[in-house]
Amino acid sequence: MATVQSSAAPQVRAGVEPLRAVQGTSFIWRKLHSLLGIVPIGAFLLEHLLSNFEALKGPLAYGEQVKFLNTLPLVRVMEWVFIFLPILYHGVYGVYIWLRGKANIVYYPWAGNWLYLVQRYTGLIAFAYIAYHVATQRFLGVSLPENPGMAFSKVQHELANPWIVAVYVIAMLAVCFHFAYGVWLFCAKWGITSGESARRRFGYICIALGVLLAGAGLVSIWAFVGPMYPNAPIPNL
């Protein structure tokens with residue numbers, strides 16, 4: 001009697017697959033992609049959120065923070081080497097990984113597959129938002145490095161459009177989730193958190209980190225659109 005082969009889905013090991021050197025050159029590119037997501041991009045995200053938090057103190061404090069950042073030594077070089085180019089590589093290679101990867105939430109409806117899917121979509125949202133945000137706030141309109149006193153009013157003018165506010169809110173949540181889960185993946189893939197128990201405990205820390213960063217970002221947005229500083233004047237810096 002002929003036997004019928006089982007159509008059951010193959011078993012998949014739980015956990016996070018580490019990055020292995022035997023993967024060839026892709027090992028180097030993936031390592032670089034993973035590392036850049038933490039340093040310098042993650043460090044810049046933290047600094048950016050802290051700087052934007054100054055908006056709660058008003059236009060003068062926010063303008064002073066923008067002025068301080070733009071008077072750092074070699075700031076234009078650091079801007080390209082540690083911000084623009086790493087974000088460009090991380091975003092483009094992230095899309096490349098996404099197009100080559102698979103998240104089978106039909107046959108394997110586990111949390112890991114859903115998180116993989118959400119991580120990819122939030123990364124795409126974050127990349128698109130960063131490109132838009134850098135273009136509008138850094139390169140278009142009033143040049144803030146030369147006119148830091150206009151920083152608050154420039155952001156406030158942009159956020160006068162409720163659709164742009166919605167974009168900022170969605171993007172802020174996407175960026176914070178992407179970074180928080182990225183930190184968890186980084187520690188898992190680099191062997192910093194070894195074992196399911198360690199990853200589970202660290203997962204709670206990353207959840208708290210994501211919520212904290214998202215809260216700080218949303219509060220900063222509120223500083224520009226709330227009633228505290230309507231039609232903010234341009235301080236003399």
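Annotations
- Selection of region 50-81 for residues being in a loop (DSSP other than H, G, I, E, B) and farther than 24 Å from Leu213 by Cβ yields Thr71, Pro73, Leu74.
- Some residue of region 23-37 being modelled with pLDDT of 50 or more, in a loop (DSSP other than H, G, I, E, B) and surrounded by 12 or more Cβ atoms within 10 Å (Cβ to Cβ): no
- Qualifying positions in region 131-179 - small (Gly, Ala, Ser), within 20 Å of Gly42 (Cβ to Cβ) and either over 23 Å from the mean Cα position of the chain (by Cα) or surrounded by 15 or more Cβ atoms within 10 Å (Cβ to Cβ) (or both): Ala171, Ala174
- Total residues in region 186-223, condition closer than 23 Å to His33 by Cα and hydroxyl-bearing (Ser, Thr, Tyr): 2
- Counting only helices (runs of 4 or more DSSP H) that sit wholly inside region 105-218, those with at least 3 residues that are without any contact (Cβ under 8 Å) to a residue 60 or more places away in the chain and closer than 22 Å to Pro86 by Cα are 111-134, 162-189.
- Residues (of a type in the set (S, T, N, Q) and closer than 23 Å to Ser220 by Cα) located in region 160-197: Asn161
The values are calculated or read from the model by the stated rules, or taken from the named source; none is laboratory data. Predicted, not measured: the structure shown is a model, and the values here were computed from it. Cβ sites come from the backbone with ideal geometry, for glycine too, and all protein chains shown count toward neighbours.
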